[in-house]
Amino acid sequence: MSSYPKLNFPAVKLRASRRGERTLVWDDLRAMWLVLTPEEWVRRHLIAYLETGCGAARRRIVQEYPVAMNGAPQRADVVVVAGCGIHADGDDDAQPLVLCECKAPEIPIDRHVLAQAVRYNSVLGARYLVLTNGRSHYCYELVEGEYRQCDRFPSIGSGMGD
């Protein structure tokens, strides 16, 4: 994995395997092997940081979170949900708290990436947006209908119904 660039995240230990010309990485949240693309490299680091740096519980991190956009299915890269959990009637009241959009390290985080995340969030209603290419990170908080840039990742370990 030495061919992957150093990111602006703490180092992570990944379980990897070679299959032909492809490198696969184990996704322990979904219990499956994934092709280790540059974007997946960023996603693995982001998820580790959400756990260790922000306090997100593993069971609250959802990858490829479905977003219905004008009848066309889309997927947010990573969403951290909050809520009290599953009720007696079987309903889970988990609601999106943090919506994360990951790009490969060579893709700039620009207004188009922000617009994509804002579109997804118009459906999901998360409090925070995180945009990252692994080198640059941008965090926004939705306050009174406006996105305000934050100077750090949100602390999300408490108050999540855990």
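Out of all the residues in segment 67-77, is one or more among the aliphatic types (A, V, I, L, M) and without any contact (Cβ under 8 Å) to a residue 24 or more places away in the chain?
So the first thing to find is which residues in segment 67-77 are among the aliphatic types (A, V, I, L, M), and the list is 67-69, 72, 76.
Still in the list and also without any contact (Cβ under 8 Å) to a residue 24 or more places away in the chain: 72.
Yes, segment 67-77 has at least one match.
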### Task
Please find, within segment 14-48, the residue that is most open to solvent (accessible area, probe 1.4 Å) out of those that are hydrophobic (A, V, I, L, M, F, W, C) and touching a Gly at 6+ places or on another chain (Cβ under 9 Å).
TRP41
### Message
All but one of (1) part of a helix (DSSP H, G or I); (2) closer than 26 Å to LEU142 by Cβ hold for ILE109; state the number of the condition that does not hold.
### Response
(1)
### Query
Within segment 86-104, is even one residue exposed (fewer than 12 other Cβ atoms within 10 Å of the Cβ), among the basic types (Lys, Arg) and either out of contact with any helix residue (DSSP H, G or I) (no Cβ under 8 Å at 6 or more places or on another chain) or in a loop (DSSP other than H, G, I, E, B) (or both)?
no
#### Entry: Among residues of segment 142-153, those that are open to solvent by less than 60 Å² (accessible area, probe 1.4 Å) and within 20 Å of VAL123 (Cβ to Cβ), counted
2
### Task
Starting from residues that are of a type in the set (Asp, Glu) and assigned to a loop (DSSP other than H, G, I, E, B), keep the ones in segment 4-39 and report whichever is farthest from ARG135 (Cα to Cα).
GLU21
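Looking for whichever is modelled with pLDDT of 95 or more and of a type outside the set (Gly, Ala, Ser) here; the options are LEU34, LEU50, LEU29, LEU14. Which one fits?
Working: LEU34 fails: modelled with pLDDT of 95 or more; LEU29 fails: modelled with pLDDT of 95 or more; LEU14 fails: modelled with pLDDT of 95 or more.
The conditions single out LEU50.
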### Query
From the residues in segment 117-141 that are more than 14 Å from the chain's Cα centre (by Cα) and of a type outside the set (Val, Ile, Thr), which one is surrounded by the most Cβ atoms within 10 Å (Cβ to Cβ)?
ARG135
### Message
Scan segment 49-63 and tell me whether some residue there is in contact with a strand residue (DSSP E or B) (Cβ under 8 Å, 6 or more places away or on another chain) and open to solvent by 70 Å² or more (accessible area, probe 1.4 Å).
### Response
no
### Task
Considering (1) over 19 Å from ASN8 (Cβ atoms); (2) in contact with a strand residue (DSSP E or B) (Cβ under 7 Å, 6 or more places away or on another chain); (3) of a type outside the set (A, V, I, L, M); (4) not in a strand (DSSP E or B), say which one ARG43 fails and leave the rest.
(1)
### Query
Taking segment 1-13, which residues are open to solvent by less than 70 Å² (accessible area, probe 1.4 Å) and more than 17 Å from the chain's Cα centre (by Cα)?
TYR4, PRO5
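The values are calculated or read from the model by the stated rules, or taken from the named source; none is laboratory data. A quick note: this is a predicted structure, and the numbers were derived from the prediction, not measured. Virtual Cβ from ideal backbone geometry, glycine too; neighbours counted across all protein chains shown. Note: areas computed on protein heavy atoms with side chains; ligands, DNA, RNA excluded. Shrake-Rupley method; radii C 1.70, N 1.55, O 1.52, S 1.80 Å.
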